[in-house]
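Colleague: Following this message is one structure expressed as structure tokens.
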Amino acid sequence: MAQLWGGRFTKQTDQMVYEFNASISFDRKLYRQDIEGSMAHVKMLAKQEILTQEECGRILDGLEGILRDVESGTLAITSEYEDIHSFVEANLIERIGDVGKKLHTGRSRNDQVALDMRMYVRDEVQTTDALLFGLLQVLQTIMEENVDTFMPGFTHLQKAQPVTLAHHIGAYFEMFRRDRSRMKDIYHRMNYCPLGAGALAGTTYPLDREYTAQLLGFDGPTRNSMDSVSDRDYVIEYLSALSAIMMHLSRFSEEIIIWNSNEYGFVELDDAFSTGSSIMPQKKNPDIAELVRGKTGRVYGALMSMLTTMKGLPLAYNKDMQEDKELVFDAIDTVESCLRLFTGMVSTMKFNRETMEASARNGFTNATDVADYLVNRGVPFRDAHGISGRLVLKCIAQGKALDDLTLDEFREESDVFGGDIYEAISMKTCVGKRLTLGAPGQEAMRAVIEENRIYLQENPAGQF
Ligand code: ARG
């Protein structure tokens, strides 16, 4: 075991205690942030004449060497160190000798880990945003191609009114667009640098916190040193936003699972994105969609764990907070792989347009339009609703659609009906006349698609 402390101890740490306490097995992920943070710290120490330029140069060379060797695989991050901070410091001292011992001047592992974690999450927020952007592009293409693809819209999973595939997919476009805006919010709220907060109460050295914040791309330093080392709000916000992404992916997955069933047959998953059964040769299963739906739970779990970990903590740093890492790392791996797989699945999925349209025709989804026809000719809506309902009943008894009723059959319920009823309740009219902003009518839809296009153009990935 190699550790950064021990002066006031007279006994070795118990091996079990050491292992329970150690975080190297997971915080090794933070090596780059740890080294970059250390470089900025050292540059600032030199600028403030706390270290000489010569010392600074040697430490920077040493840190660069460590980064290079870790990235090239020649230096392994092994469990003989307690955490990533000890690993970097011990390696530095090994490389450059005693001057390496000056690295930690005016710094604590508390502000150091707060910085590393913030920089890590800040990068991941951008990766998540880029993946969401990729998914939105796929959805936009589906929308552009399916403005005229009719399908039933559902409420209570019962056929309700006809919509288009573009409209249905457009609902998910809105959700993932909001998810992107959450990434932006989180980024701007969290982008303040905790370095220089020390263990909890700042330091007596004349640190220039503005300078380190600037070197590391932050909007400025954090404003309270106790909050700086104990704030994990950004972790919670990120996990919460990741949970919302999973909730959206899970709802979409559920629909794909339903659409892909034999009974619906609205979509067919690409062979590359579905799996077979070991016993039933006819099966082509939507495992990817099911797994995305299933993995939602563990991301919610990470959010609940983190909220629970934080709830009783007195100021300032407490070791409990070390628990943030595994939760966040797992949630990130989960969400990012789900976004990648889901985007691939959706972009290769085939839509059975005829089946969708036939389904929209067969479910009396134009019953509201029969009522609206009457209303437009002076019948009060409540009466029109009753007339349309009785016509539906008649159709059910005869096993046919409203469009298939004869004019006489219509007129048995109301003599307001005329020959133009067929045109009025055709799928084309039912959808085409729904032109309020956000409705499925083709013209309304094209306007939204154009707005989406401008949004995607003006908000590319990587712009924060
Ligand atoms: N491994 C610790 C963490 O992840 C680093 C900070 C430790 N600080 C301390 N005083 N023990 O939170």
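Colleague: Look at the stretch 2-49 and say how many of its residues are more than 28 Å from residue 120 (Cα to Cα) and in contact with a Ser or Thr (Cβ under 8 Å, 6 or more places away or on another chain). It would help to see each step written out before you state the result.
Modeller: So the first thing to find is which residues in the stretch 2-49 are more than 28 Å from residue 120 (Cα to Cα), and the list is 6-16, 49.
Keeping just the survivors that are in contact with a Ser or Thr (Cβ under 8 Å, 6 or more places away or on another chain) gives none.
So the answer is 0.
Colleague: Given the condition at pLDDT 95 or above, closer than 23 Å to residue 24 by Cα and either within 16 Å of the ligand (Cβ to nearest atom) or touching a His at 6+ places or on another chain (Cβ under 9 Å) (or both), answer yes or no: does some residue in the stretch 120-136 qualify?
Modeller: Checked the stretch 120-136: at least one residue is at pLDDT 95 or above, closer than 23 Å to residue 24 by Cα and either within 16 Å of the ligand (Cβ to nearest atom) or touching a His at 6+ places or on another chain (Cβ under 9 Å) (or both).
Colleague: For the stretch 303-336, what are the residues that are away from the ligand (no atom under 16 Å from the Cβ) and polar (S, T, N, Q)?
Modeller: Selection gives 308, 334.
Colleague: What are the residue pairs meeting all of these: first residue in the stretch 9-28, first residue at pLDDT 95 or above, second residue surrounded by 10 or more Cβ atoms within 10 Å (Cβ to Cβ) and part of a loop (DSSP other than H, G, I, E, B), Cβ atoms under 6 Å, and 6 or more apart or on different chains?
Modeller: What qualifies is 22/82; 23/83; 24/79; 24/83; 27/83; 28/77.
Colleague: Report, by residue number, each residue of the stretch 285-317 that is farther than 21 Å from residue 340 by Cα and over 22 Å from the mean Cα position of the chain (by Cα).
Modeller: If the condition is that a residue be farther than 21 Å from residue 340 by Cα and over 22 Å from the mean Cα position of the chain (by Cα), then 309, 310, 311, 312, 313, 314, 315, 316, 317 are the ones that fit.
Colleague: Filter the stretch 258-287 down to the residues that are β-branched (Val, Ile, Thr) and farther than 12 Å from residue 349 by Cα, then identify the one that is modelled with the highest pLDDT.
Modeller: So, considering only residues that are β-branched (Val, Ile, Thr) and farther than 12 Å from residue 349 by Cα, the one modelled with the highest pLDDT is 258.
Colleague: Which one of 325, 295 is farther than 30 Å from residue 270 by Cβ, charged (D, E, K, R) and not in a loop (DSSP other than H, G, I, E, B)?
Modeller: Values: 295 fails: farther than 30 Å from residue 270 by Cβ.
Answer to the check: 325.
Colleague: Across the stretch 90-113, which residue is surrounded by the fewest Cβ atoms within 10 Å (Cβ to Cβ) among those that are part of a helix (DSSP H, G or I) and within 16 Å of the ligand (Cβ to nearest atom)? Reasoning before the result, please.
Modeller: Step one: filter the stretch 90-113 for residues part of a helix (DSSP H, G or I), giving 90-102, 109-113.
Among the residues that remain, those that are also within 16 Å of the ligand (Cβ to nearest atom) are: 90, 109-113.
Values: 90: 17, 109: 20, 110: 21, 111: 27, 112: 27, 113: 26.
That would be 90.
Colleague: Name the helices (runs of 4 or more DSSP H) wholly inside the stretch 1-89 in which the number of residues that are within 23 Å of residue 204 (Cα to Cα) and more than 13 Å from the ligand (Cβ to nearest atom) is 2 or more.
Modeller: Qualifying helices (runs of 4 or more DSSP H): 31-47, 53-72.
Colleague: Tell me yes or no: at least one residue of the stretch 18-29 is in contact with a His (Cβ under 7 Å, 6 or more places away or on another chain), over 13 Å from residue 102 (Cα atoms) and among the acidic types (Asp, Glu).
Modeller: No, the stretch 18-29 has no match at all.
Colleague: May I pose another question? Between a first residue in the stretch 311-328 that is more than 21 Å from residue 121 (Cα to Cα) and a second residue that is of a type in the set (D, E, K, R) and within 11 Å of the ligand (Cβ to nearest atom), which pairs have beta carbons less than 7 Å apart while being 6 or more apart in sequence or on different chains?
Modeller: 313/320
Colleague: Can you tell me how many residues within the stretch 196-240 are within 20 Å of residue 321 (Cα to Cα), surrounded by 21 or more Cβ atoms within 10 Å (Cβ to Cβ), away from the ligand (no atom under 16 Å from the Cβ) and under 25 Å from the mean Cα position of the chain (by Cα)?
Modeller: 2
Colleague: Hey, another quick one. I'd like to verify a number: residues in the stretch 396-443 that are among the hydroxyl-bearing types (Ser, Thr, Tyr) and under 21 Å from residue 165 (Cβ atoms), how many?
Modeller: Going residue by residue through the stretch 396-443, those that are among the hydroxyl-bearing types (Ser, Thr, Tyr) are 406, 414, 422, 426, 429, 436.
Cutting the leftovers down to under 21 Å from residue 165 (Cβ atoms) gives us 426, 429, 436.
Result for the stretch 396-443: 3.
The values are calculated or read from the model by the stated rules, or taken from the named source; none is laboratory data. In this text the structure is predicted, and so the values were computed from the model without any measurement. Glycine gets a Cβ as well: all are built from the backbone with ideal geometry, and neighbour counts include every protein chain shown.
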